[in-house]
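A.B. asks: Dropping a structure here in structure tokens format, bear with me for questions.
The values are calculated or read from the model by the stated rules, or taken from the named source; none is laboratory data. Nothing here was measured: the structure is a model prediction, and the numbers come from that model. Glycine also receives a Cβ, built like all others from the backbone with ideal geometry; neighbour counts cover every protein chain displayed.
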Amino acid sequence: MILGSFPSVRSREEGFFYGHKQNRFWKVVSAVFEEEVEPLENTSVLSSQSIRLGDGITVSASAEGGAAPYTYAVLYRKTTVKKWVTVQDFAENDTITVRPKKDTRYLIVVKVKDSRGAIAKQYFKVNVEAAEA
């Protein structure tokens, strides 16, 4: 079996080669192993996409497909900087609170890892407004 060595744009976004559900790879693997193989999908959600400074955002991390059990990592950063702040490294806890420290726009990334080591990422934009005086 020969597989391509360059991931698609979608696969790079997912952080996992052959990450797009329609990729022929999954059909080949399903046929070889005679069972349905679903790619890992990150189905995480946030409690809000806009908060006041001092409040927290609850991340409900979840996944479908792949190979359970799953672990979850959550990181955030200001949209104006490149450095990510880790709230939780890969762990089984699936409810994580993020408390940004400044009133600005943030990116939050939720990473899901399955038992095979596949990782699926989901990005969220969050606006943090100044607290009322």
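A.B. asks: Going by the conditions given, is residue 6 at pLDDT below 65 and surrounded by fewer than 17 Cβ atoms within 10 Å (Cβ to Cβ)?
C.D. replies: Yes, satisfied.
A.B. asks: Let me ask you something else. In the stretch 68-103, which residues are among the acidic types (Asp, Glu) and either without any contact (Cβ under 8 Å) to a residue 40 or more places away in the chain or surrounded by 17 or more Cβ atoms within 10 Å (Cβ to Cβ) (or both)?
C.D. replies: Scanning the stretch 68-103 gives 89, 92, 94.
A.B. asks: In addition: Residue by residue through the stretch 66-78, note down the ones that are at pLDDT 95 or above and assigned to a loop (DSSP other than H, G, I, E, B).
C.D. replies: 69, 70
A.B. asks: Against the definition (in a strand (DSSP E or B), in contact (Cβ under 8 Å) with a residue 12 or more places away in the chain, more than 13 Å from the chain's Cα centre (by Cα) and more than 12 Å from residue 72 (Cα to Cα)), how does residue 106 come out, yes or no?
C.D. replies: It is true that residue 106 is in a strand (DSSP E or B), in contact (Cβ under 8 Å) with a residue 12 or more places away in the chain, more than 13 Å from the chain's Cα centre (by Cα) and more than 12 Å from residue 72 (Cα to Cα).
A.B. asks: Let me ask something additional. How about the stretch 53-98: which of its residues are of a type in the set (S, T, N, Q) and more than 25 Å from residue 127 (Cα to Cα)?
C.D. replies: Matches in the stretch 53-98: 71 only.
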